[in-house]
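K.L.:
First the structure, which I've put down as C-alpha cells, then a few questions once you've had a look.
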Protein chains: 2
Amino acid sequence: MIRVLLADDEHLIRGAMAALLALEDDLTVSAQAATGAETLAMARALQPDVAIIDLQLPDLDGVAVAEAIHRDVPSCRTMIVTSHGLPGHLRRALASGVRGFLPKTAAAEVLATVVRIVAKGGRYVDPQLAAEAISAGDSPLTTRESQVLELAASGAAVEEIARQAALSPGTVRNYLSAAAIKLGATNRHEAVRTAQSRGWI
Amino acid sequence: MIRVLLADDEHLIRGAMAALLALEDDLTVSAQAATGAETLAMARALQPDVAIIDLQLPDLDGVAVAEAIHRDVPSCRTMIVTSHGLPGHLRRALASGVRGFLPKTAAAEVLATVVRIVAKGGRYVDPQLAAEAISAGDSPLTTRESQVLELAASGAAVEEIARQAALSPGTVRNYLSAAAIKLGATNRHEAVRTAQSRGWI
DNA sequence: GAAAACCGATGACGTTTGTCATGTGACCCG
DNA sequence: CGGGTCACATGACAAACGTCATCGGTTTTC
C-alpha cells in the first residue's frame, strides 16, 4: 500500500483529489495539508511514501517544500502538481529532486499512475510541458536582473525598487533596460509579463 | 437523482471533482466539459439539473457561459467555482442569475450540499466571500475607465491603448489618471493591480 | 429645465522612464 | 596574467507618463 501526503491550499480541490485517489486499491491518502509548514510537519511525523504538493502554497513555494522534505525525510518521494505549467518551474523542480511534475490540465487517470511510478523511484514529467521547457530554454537574465525585475513586478517605481534592492536608481534603470532588451520587450512591464509567463521570476 | 454537468478546463481537477461527487448517492455527473462552448452544447443536449462551472475557461468567462445556459436551458440551474475569490466576480455572477458561488478554498464537504441547495432552487454564497464583497463595495470606475485600464493591464504604452480603444492619447492618459486617483494608486500599474485584486477589470 | 455625470479632446507642465556612453572594481577561467 | 563577464555607479538626453485646466457634447437624474 502506497501512503500519500496531499498538499494543496484549496480545500475543495484537495478533497476532490483525495476522493480520486481513494478509488485506487493500492493507494491511501494518509494525510492532507494546506500550507508548506503543515506539509513539512506531517511528512516528518508520518513518513509517507509520496508527497503530492501543489506549486502554489500560501506560505512556501511548492519546490521549497519538496526540498525541505528531501532533506528531512529522505524516504519520501515528491511530486508537484500545478495550475500554471511554466517551464521555469519545471526546471527548478527537477533540479531540486522532485520526481513527478504534472499540470492540472493533465488527464485525471494519470495521477494514480504517476504516484505509482514516483513511489517506485521512477520519474514522470508531463510530455507537453517537457517539450515546452526544452524549447523555452533557460533564463537569459543575470541574478540582479531577475531580482530587480521581480521587484518591478509589483508596479513599484524605480526609486522604490532602488530602496528595496539597496541600489542606486540609475543602476536599477540599467538593469531593467538590460532585462527588457534580453526579453524582447519595449518596457519593464512587458518584460515582467514575459518573464512571468516563462517562469523566470 | 440530481444530474450534474461539470465544466472545468483543468482535466485533473474536473476528474477529481467528479470522483468527489460520485460519492453521493443522490448525485450523478452526467457530463463533463473543458470549454465554454462545450459546456453550452452539452447543457442544451442533456438538460442537466445543475451546471457547475469554473470561472476561468479558455474560451468564455464562466459567468458568460452561465448566462447563455439560463437563456437556452432555463431548467438548468448554475453555480460557479473559482480559484480566485474576487468580489467583483461574485457580483457579476449573482447579477446574471447564478445561484451558487464557491471558492475552491471552501471545504470539500460543502460541494454536494450546495449542489442540492441549488438544484432545489435555493441560493448559496460562500460566507467569507460574501462579507468581502459587501465591504469592498462596487467599482468606482466608469465604463471607459475600466476599459482603458483593462487595456493597460497588458503593459501596453499609451499610444497602443489609444489605438485599440480608438481614442486620442491624451484622453487615454486622462482616464488612466482618473482611474489611478479613484483607486488610490500612484501610477497606472498599481491601479491595474488594485483593480484586478478586487475583480473590477 | 437645470444639475450632475460621463465621453472625448487639447495644450502645457514637471516628473519618471528608457537608453547610451563610460567608468571602476571583483571574480573566474584559460 | 590577461580577457571576459558581472555588479554597481554616474551623467545626459529624448521619450513617455502623470497631472491639471479647460473646452464642448451627450445622457441621466432630480
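Here, each number is a calculation from the coordinates, and none is a lab measurement. Every value quoted in this text rests on a predicted model; they were computed, and no experiment measured them. Cβ coordinates were reconstructed from backbone atoms using ideal geometry, including for glycine residues, and neighbour counts include every protein chain displayed.
K.L.:
List the distances, in nm to one decimal, from the label point of A:Leu23 to the label points of the same position in every other copy, shortest first, placing each label point 7 Å from Cα along the Cα-to-Cβ direction.
P.N.:
1.4
K.L.:
Per 10 Å bin, what is the whole-percent P(r) computed from every C-alpha pair distance within the range A:92-175?
P.N.:
15, 31, 20, 22, 12, 1
K.L.:
Please give, to one decimal in nm, the separation of the simple spin-label points placed at B:Ala166 and A:Ile181, each 7 Å out from Cα toward the Cβ.
P.N.:
4.0
K.L.:
Mind jotting down the distance between the C-alpha centroids of the range A:22-39 and the range B:46-77, whole Å?
P.N.:
Their Cα centres are 32 Å away from one another.
K.L.:
Starting from the amide H of A:Leu27, placed 1.01 Å from N in the peptide plane, find each other amide H under 5 Å away whose residue is 5 or more places distant or on another chain.
P.N.:
Counting only residues 5 or more places away or on other chains, the set is A:Ile2.
K.L.:
Right, something else. In terms of the Cα gyration tensor, with a ≥ b ≥ c the square roots of its eigenvalues, is the protein assembly as shown rounded because a/c is under 1.5, prolate because a/b exceeds b/c, or oblate? Walk me through the intermediate numbers first.
P.N.:
Numbers: a/c = 2.04, a/b = 1.14, b/c = 1.79.
Oblate is the answer for the protein assembly as shown, as a/c is 1.5 or above yet b/c matches or exceeds a/b.
K.L.:
Right, here's the next one. Using only atoms on other chains, find how many Cβ atoms lie within 10 Å of each Cβ of peptide B:4-15 and report the average.
P.N.:
Working: counts 0, 0, 0, 0, 2, 3, 8, 8, 16, 11, 5, 10.
Counting Cβ atoms of other protein chains within 10 Å of each residue's Cβ and averaging gives 5.
K.L.:
What aspartates and glutamates sit close enough to B:Lys182 to cross-link, taking a C-alpha to C-alpha distance under 14 Å and skipping anything fewer than 8 places away on the same chain?
P.N.:
B:Asp138, B:Glu145, B:Glu190
K.L.:
Let me check against my output: what whole-number percent is the relative contact order of chain B, with C-alpha pairs under 8 Å and at least 6 apart?
P.N.:
Numbers: 327 pairs, mean separation 30.8, N = 201.
Computed value for chain B: 15 percent relative contact order.
K.L.:
Then there is this: With chain A treated as a Gaussian network of Cα nodes joined by springs under 10 Å, which of A:Ala93, A:Ala19, A:Ala33 yields the largest mean-square fluctuation?
P.N.:
Of the options given, A:Ala19 has the highest mean-square fluctuation.
K.L.:
Work out the mean other chain Cβ neighbour count within 10 Å for the residues of B:18-27 and drop it here as an integer. Numbers along the way, then the final one.
P.N.:
Working: counts 4, 10, 9, 2, 3, 3, 0, 0, 0, 0.
Shielding by partners across B:18-27 averages 3.
K.L.:
What is the Cα coordinate range of chain B on the first, second and third principal axes, sorted by size from largest, in whole angstrom?
P.N.:
Computed over chain B, the largest-to-smallest principal extents equal 60, 32, 29 Å.
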